[in-house]
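In what follows, a structure is listed as structure tokens, so that the remarks can point back to it.
Nothing in this text is a laboratory measurement; each read-out follows from the coordinates by a stated rule. Since we're looking at a predicted model, the values are computed, not measured. Cβ placement follows ideal geometry from the backbone for every residue including glycine, while neighbour counts extend to all protein chains displayed.
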Amino acid sequence: MPLKAFQEKLRQIRYYSATRPHDQWSRVMDIALVVALLAAWPTTWVLHHTHVAHRTASTISGKLFEDPDGLIWAWITPPSEPATRGHAVFHGAFRVTVQTEDHGWPFVTAQARLRADTNIELFAEDRSLTAADLPPESPVRTAIERVLVESGRGGAAVALWGGETGVRTAGSSRPRAWVANGIVWSMLLVIAAWLIVSLVRVGALFVAVARLGGLPAAAARTGREERRRRSGQCIACGYDLRGSRYSERCPECGTLSR
């Protein structure tokens, strides 16, 4: 049948063109490398959600003014401004502290903002206010929002109102950093898998040497294999391989000899 013929052809290809032995350790290595590649992306996802690479805080300070008609407007300092602007009088001051978090490693996959910490001082109030103390229709709130947006600090305006201080708000995602982190973790995990399997294999070799009677027996076997290799014989069965130029395997026992 065509399928059996195809399978037989594949078997012959593997037999005559193999470049490394296919034993239990090679299979363990193949499985470990595949698992390492598959684990790279979950690792990137976990670090995105759990690892904070860097946290920065920026403070925006400003003053509030009131026009004779009752309109409240805000001014961010610097630059400095006069105590009055026309007939407007000084109404109070505000300070907004916004924290941002960089997530992911080694590249930043997203930047998240935290709820801003606010402090508002008004002449009409005998205590400091926070953003939660101002209703949505408050002219002070409207003035602060307007000046933040006009000054290019729209992210601070989003993080200012609602919720508790320190709670994460929406941030920016970086797809290219996701891909870069996945590639980096693929390489790191593949190297780690190769080292672990190699160390386990070395440990198993020492155990096998001990079971064979110690180093003398292992040294004798190694010397026998080396002598056979130099004389062009199969290291396993001693078959003469000097005429087998088109196969990596011994035609007698199938051992990979070169």
- Residues whose placed amide H lies under 5 Å from that of HIS91, excluding near-sequence neighbours: LEU64, PHE65, GLU66
- Query: What does the charge add up to near THR222, with Lys and Arg as +1, Asp and Glu as -1, over the other residues with Cβ less than 14 Å from its Cβ?
  - Reply: +4
